[in-house]
1. For segment A:10-33, give me each residue that is within 10 Å of chain B (Cβ to nearest Cβ) and either free of Cβ contacts under 8 Å to residues at least 12 places away in the same chain or open to solvent by 60 Å² or more (accessible area, probe 1.4 Å) (or both).
2. Could you list, in sequence order, the residues of segment A:135-179 that are surrounded by 19 or more Cβ atoms within 10 Å (Cβ to Cβ), charged (D, E, K, R) and farther than 16 Å from residue A:113 by Cβ?
3. Could you list all residues from segment B:103-134 that are part of a loop (DSSP other than H, G, I, E, B) and surrounded by fewer than 21 Cβ atoms within 10 Å (Cβ to Cβ)?
4. Right, residue A:110: hydroxyl-bearing (Ser, Thr, Tyr), modelled with pLDDT of 95 or more and within 30 Å of residue B:51 (Cβ to Cβ) or not?
5. Scanning segment A:112-134 for residues that are open to solvent by less than 10 Å² (accessible area, probe 1.4 Å) and within 14 Å of residue A:29 (Cα to Cα), which turns out farthest from the other protein chains (Cβ to nearest Cβ)?
6. Out of B:90, B:100, I need the residue that is part of a loop (DSSP other than H, G, I, E, B), of a type outside the set (D, E, K, R) and out of contact with any strand residue (DSSP E or B) (no Cβ under 7 Å at 6 or more places or on another chain). Which one?
7. From (1) in contact (Cβ under 8 Å) with a residue 40 or more places away in the chain; (2) closer than 30 Å to residue B:18 by Cβ; (3) more than 17 Å from the chain's Cα centre (by Cα), pick out the condition that doesn't hold for residue A:60.
8. Just give me the residues in segment B:21-68 being open to solvent by 10 Å² or more (accessible area, probe 1.4 Å), within 12 Å of chain A (Cβ to nearest Cβ), outside any strand (DSSP E or B) and in contact with a strand residue (DSSP E or B) (Cβ under 8 Å, 6 or more places away or on another chain), in sequence order.
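The values are calculated or read from the model by the stated rules, or taken from the named source; none is laboratory data. It should be emphasised that the depicted structure is a prediction, and the values quoted were computed from it without experimental measurement. A quick note on method: Cβ atoms are made from the backbone with ideal geometry, for glycine too, and the neighbour counts reach across all protein chains shown. Ligands, DNA and RNA are excluded from the accessible area calculation, which covers all protein heavy atoms including side chains. Shrake-Rupley method; radii C 1.70, N 1.55, O 1.52, S 1.80 Å.
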Amino acid sequence: MYAPEFEYHRAATVAEAIQLLSSNEDAKLIAGGHSLLPLLKLRLARPSVLVDIGRISELKGITISDGTVRIGALTTHWEIASSHDLEHACGIMAEAAGGIGDTQVRNRGTIGGNVVHADPASDWPTVLTALGAKFNIQGAGGSTRTVEPGDFFVGPLTTTMGEQEVLTSIEAPTLGHHQRAEYAKMAHPASGFAVVGAAVVVTVEGDVCTAARIAVGGLVPVPVRMTSVETALVGKALNQENIAEAASHASNDLQGEILGDFFASAEYRKAMAEVEIRHALFHATEVSHH
Amino acid sequence: MEKIPIQVTVNGQSHQAEVEPRMLLVHFLREELGLTGTKIGCDTSQCGACVVMMNGATVKSCTCLAVQADGADIGTIEGLANGNDLHPIQEAFWDNHGLQCGYCTAGMIMTAVEMLERNPHPSADEVRAGLEGNICRCTGYQNIVKSILAAAEKIGG
């Protein structure tokens, strides 16, 4: 399948990319191309100009310092999955990256491209929401802004990114000694995309949960924080009964639109959200559930 | 649409060409260079028939533009054998009957090359997991896994 025709420009710097976006109406950025090229082939996107940012070295790499993980937008899922430093600092990110697509998709696909694509069935939005990540964005005239996931994702394939903006990096806090995090997903058997995904970050002191951030994705247009589940968990011992009880509050937080299709109905996905939250909490806390 | 000049090294040989921006890498390899060992299967980055090596990492060449490969070092199935001497992975596929219709084979072997570079002594489960991006519609996975394990033994000693 050929994509529709487009003009091609390659940017050497972020500033040049923004300049190219500003001077070409209907231009789109391409990095690894693993979200955009399929859309082009299906004619779901028809930009007249593609600006290739795939070689901008300032957008690549993982740095960990002062309790913050900073990942350049062009860093591939493979680089994230295979980073030993990241495994120690924020293991849930390495783990989630290793479960995306397949080897070749991970070799080319980038975390920034994934996030700005905002596919409800992808894993990063859910994981980054639970982590309380921050998205660093650069715009015209060298302006920068930082946005949290809740103010970034608007709906399927829609974000608050401006047409002349570039996502430059993603930051997440490193996990402390008392923190445990896990991402559990029910993957579509063919595509590997999340039918339902649940990400949990819990702080455990003694065996009591003192803080929790939980998000689900896959079944909702944008990731949803499970505040009822979080509230039910905090102050409780992390045992099988309390985890199951807390997870049973999931439906309170899923009052908005639930996605469904011929593979998995909305009703089924809603039921599975509770199951995946439970799985993530069991794995995070190593509470036996068999 | 204005064509873009590119330079790509394929199996050690440098090529200059002018391509339409929308030309896919797989079309460049097959139609411009005549290297038809790389196949097009699903054309949606699912099946892995089009897997080639790009700068040392496998990519699905149906989901990469030729212009994105400008300056890159590409390896295809045609570049593996040394004259009449098959690459150890090719030989292992031959010895273990690691193919039925053969359509997925080039992609399987290119994936196996990277798999064994990253993990020279994989378990059978790791080989299966490593093949998640390659589909064999003959469902001949048993012998494909066997071939890759045999190749690992041969290469790793």
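1. A:10
2. Within segment A:135-179, no residue meets the criteria.
3. Scanning segment B:103-134 gives B:103, B:119, B:120, B:121, B:122, B:123, B:132.
4. When the stated conditions are applied, residue A:110 passes them.
5. Only one residue fits best here, namely A:115.
6. B:100
7. That leaves (1) as the condition not met.
8. Correct list: B:22, B:23, B:45, B:55, B:56, B:68.
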